[in-house]
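Notes to accompany the following structure.
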Ligand SMILES: CC(C)(COP(=O)(O)OP(=O)(O)OC[C@H]1O[C@@H](n2cnc3c(N)ncnc32)[C@H](O)[C@@H]1OP(=O)(O)O)[C@@H](O)C(=O)NCCC(=O)NCCS
């Protein structure tokens, strides 16, 4: 029998007929008593966050819900709906696009902040070593669209500062992120401000989430926008919409181009 029941082992959920416990808490005690962010924390980490921790965590989740149809994942969700996919199919298509390049900077930033915090070497040295391994772009800084400032980052950092004043977090990762921001600005001779991923990474690191979870949490947050856009597209209709209006074409670079 134990050969069978031990096939899957989990500390997350226990069940018997008429009973469900999440991390030891009867589900009926959680329902109506704790927030969705608290449950995400409980499920992923095992303990229950304080109200203050949950509030800061929720701020990060709220900040990243959407970035419009220019974001490839959101566009993918909308295109998928016009191809007749179901909501879950559209959501899966979109979430599948969130990887290292689109949506992965938060995880990378948590890792980088942790490395800087743990190192006795000067910041420039750690940054150079990081860039030698990962390429020239430092995760969590710069933005293609929001120049000079990503409006989400200063607000999130203000909440981190507030949480530090109340002793909810130490503030050490906020200090690390700000030191990177200052180093990049000095290097480039112009500001290269923290973006949403850099700021949510500060929060996830301050709250003790391991780097890989930061990506999963971003996927949870962005899924809200993905679902909303997929649903809106369903209401709007549209059939088989590609990435650009049909009047626009790609740039052809092969032999014998057709002249307009
Ligand atoms: C988001 C991103 C792709 C925007 O790139 P971009 O539009 O080319 O940025 P800019 O035009 O403002 O670049 C200006 C300069 O800063 C550099 N730069 C931009 N972001 C940089 C970063 N994160 N680290 C180091 N240098 C960076 C560019 O290479 C460029 O340098 P140059 O003037 O010497 O050629 C880029 O900032 C980036 O890759 N950031 C890291 C990844 C990340 O955080 N992604 C999440 C975005 S929300």
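Observations, loosely collected:
- When the alpha carbon gyration tensor of the chain is reduced to an equivalent ellipsoid, its three semi-axes come out at 34, 30, 18 angstrom, largest first.
- Projected-area mean, the stretch 105-213, by convex hull of Cα positions, square nanometres: 6.6
- Listed peptides 25-36, 163-174, 44-55, 202-213 by packing density, highest first (mean Cβ within 10 Å): 202-213, 163-174, 44-55, 25-36
- Normalised by the number of residues in the chain, the average gap of Cα pairs under 8 Å and 6 or more apart makes the relative contact order 26 percent.
- Rounded if a/c under 1.5, otherwise prolate or oblate - the stretch 1-128, Cα gyration tensor axes: oblate
- Comparing 23, 115, 144 in a Gaussian network model of the chain where C-alpha atoms under 10 Å apart are linked, the largest mean-square fluctuation is found at 144.
- For the stretch 82-144: rounded, prolate or oblate by the Cα gyration tensor [a/c cutoff 1.5]: prolate
- Within the chain, helix-based [θ] at 222 nm, where runs of 4 or more DSSP H residues each add -39,500 (n - 2.57), nearest 500: -17500 deg cm²/dmol
- For the stretch 188-260, radius of gyration divided by Kirkwood radius, i.e. Rg to Rh on alpha-carbons: 1.20
- Chain lengthening between residue 161 and residue 20 when straightened (0.36 nm per residue, less Cα-Cα): 46.9 nm
- The stretch 198-260 versus the stretch 164-192: alpha-carbon centroid distance in Å: 28
- Shape of the stretch 1-51 from the C-alpha gyration tensor: oblate (a/c of 1.5 or more and a/b not above b/c, with a ≥ b ≥ c the square roots of its eigenvalues).
None of the figures in this text is laboratory data; all of them are computed from the coordinates on show. What you see is a predicted model, and the numbers here were worked out from it, not measured in a lab. Here Cβ is always computed from backbone atoms with ideal geometry, including for glycine, and neighbour counts include all displayed protein chains.
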